[in-house]
Amino acid sequence: MTVLQDEVNVFPSKEHLNPILERFKQSSFQPDIQSYVTLDAKIYEDRTYWLELHAKYFGTEMEIFLHKHHGELDEAMKYLKSLNQLTGDMMHFIKRHDLRSPVEIE
């Protein structure tokens, strides 16, 4: 005969909740050219963070995720700074060579 336990704990112990202190969401959609850019950034009570950037332009897509399991934030900032610089350089190049209608550069 098998002895049954008096108590079975089906649910794991309660996990410590880590509330979101701040959330920032931003997006830009251009359906006429099948493109979008979205940003979703969260910082939690324990100072961890989760940031996502998604971009699509016609068939080209890019995703960037920043969180504690994905390298150091200083490295990510260096990458984002380079991406920002090269995006600006690309826009200047298009404008300088008048490759199409002028693009406003802020």
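Brief remarks on what is shown
- The Cβ shell under 13 Å around residue 55 holds other residues with a net charge of -3, Lys and Arg each +1, Asp and Glu each -1.
- Using 0.36 nm per residue and subtracting the Cα-Cα separation, the extra length available between residue 68 and residue 54 on full extension is 3.2 nm.
- Under 13 Å, Cβ to Cβ, from residue 23 - net charge with Lys/Arg +1 and Asp/Glu -1: -2
No lab work stands behind these numbers, since they all come straight from the coordinates. Being a predicted model, the structure only gives us computed values, none of them experimental. Cβ atoms come from the backbone with ideal geometry, glycine included; neighbour counts cover every protein chain shown.
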